[in-house]
Each structure stands twice: as structure tokens, then as C-alpha cells.
Amino acid sequence: MTGEKKYLSRLKEHVLAMAGLENWCGDHFYLMTSRALISTALAYDYLYDEFTPAEREMMARAMVEKGFKPALELYYGHGNEADWPWVIRRNNWNAIPNSGIIFAACTIFGEYETDICADILEKAAQSIESPLLYLAPDGELYEGLGYAAYTWNYLVFGFEALRHTFGTAFNLDTAAGSQHSYKIPYTVMTANGTF
């Protein structure tokens, strides 16, 4: 944005270091993995020409190996669900990981491991339907305003990635209540500001 190479160099340093980490999920839930997938995918897409082919391959491989493959194990019923409860949850623990997976898979779809991307997109879209049911009636989810805002930050990434890649969000973005989510901040505003 500034044209100054020092920012590009610093970003590349961080993204490539993250791609080189042993894993993105530790032994617990997948929220941090979703953030890593989105961050890596954003850098991969926005700065595509600034990375070498080898660097892009490293980033794409990291998304597949550290994000998609562990998730696929759970989508297919393998692994310890006690350590990874997000696949079957009906709250932000489901919506956020699946949104990150969708965003990253759309970013490299058709360029790197397309079969894995297609598989993970199908499974993520099926899994994310569960928490989307709870957007009704007002788009807020049952966890409250803070969690709704946190969740929507990720849902938008996922929905827009699907629309950009396939021309549709496959009706995930039309879940009952989702059309009213923009009203959430206004329902808690007062003359003195927001609650």
C-alpha cells in the first residue's frame, strides 16, 4: 500500500516463518488454525507476484498440511473429537474454523492440491451449516453480541471467498437471520453510544 519494501520484507518474513511452524493447531481447538489459514491465504493472494514460486509452494503446502489434512481427518470421523470439538459444534468454534478453511481452500483452488481443496470445501460447507441454523432470528447467534461480531468477521471471509471463486456461496449466506445481522450494532446503541 505504501510502496515501501520494508513492509513487504517484514510481512514475508512473518508469513514464511508461520508457514514453517510445526503445526498451527496445537492439541486443542482450531480457532488459531483458522487465523493462520486466513493470514497465509491473504498474503498468498494479495502479494502473489511478490513471492517466489518456491515461497508460494511453501505457503500452499502449509495450508494443506497444517490446516486441511488435520481437518479432513475429523470430517471423516478420525482423530480425537475430545481434542477437536469444533467439527460438530453449533457455535463460533465451528463457524470460525470452517470459514478459515473455506477462505484458504478457495485461495489455492485450481492451483495447488485441487482435489484436496474440493474435498475440504465440501466438508467445511456441510459442517458450517450447523451453527448457521442458530443465526435465526436476528443473525446474532445465541452466544451474544461479542461472539456474533467475532463470528461474522470470519463468516464474511468464507462467504465472499466462495462467491469470488464459484459465483455463489451455495446458500450458506442466506441462513435464516443472516440478512438481519447488519442490525445487531443498532439494537444495542443508545444516545450515549453503544453498549
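The values are calculated or read from the model by the stated rules, or taken from the named source; none is laboratory data. This is a predicted model, so every value here is computed, not measured. Here Cβ is always computed from backbone atoms with ideal geometry, including for glycine, and neighbour counts include all displayed protein chains. Quick note on the areas: whole protein, heavy atoms, side chains included, nothing else; ligands and nucleic acids left out. Shrake-Rupley method; radii C 1.70, N 1.55, O 1.52, S 1.80 Å.
Quick notes on this structure:
- A 1.4 Å probe over all protein chains sorts ASP45, ASP119 by accessible area into ASP45, ASP119, starting with the largest.
- Estimated FRET transfer efficiency (THR168, GLU50; beta-carbon r; R0 35 Å; 0.05): 0.70
- Heavy atoms of PHE170: accessible area, 1.4 Å probe, square angstrom to 10: 110
- Sorted largest first by accessible area at a 1.4 angstrom probe radius, with every protein chain in place, the residues LYS66, LYS5 fall in the order LYS5, LYS66.
- Normalised per residue, the volume of the convex hull around the Cα set of the range 1-82 (Å³): 92
- Reported to the nearest whole Å, the Cα centre-to-centre distance from the range 140-159 to the range 119-138 is 12.
- Once the C-beta distance of THR114 and TYR142 is scaled by a Förster radius of 30 Å, the resulting FRET efficiency is 0.25 to the nearest 0.05.
- Of all aspartates and glutamates in the structure, the ones whose alpha carbon falls short of 12 Å from that of LYS123, not counting any fewer than 8 places away in one chain, are GLU73.
- The convex hull built on the alpha-carbon positions of the range 44-149 has an orientation-averaged projected area of 7.6 nm².
- Ordered by 1.4 Å accessible area with all protein chains kept, TRP86, TRP93 run largest first as TRP93, TRP86.
- Cβ crowding within 10 Å averaged over residues, with 10-18, 133-141 ranked highest first: 133-141, 10-18
- Per principal axis, descending, Cα span of the chain in whole Å: 50, 45, 34
- Solvent-accessible surface of the chain, averaged per residue with a 1.4 angstrom probe and all protein chains in place: 54 square angstrom.
- The chain - percent of accessible surface contributed by carbon and sulfur, probe 1.4 Å: 56
- Estimated from helical segments only, the mean residue ellipticity of the chain at 222 nm is -18500 deg cm²/dmol, where each DSSP H run of four or more residues counts as -39500 (n - 2.57).
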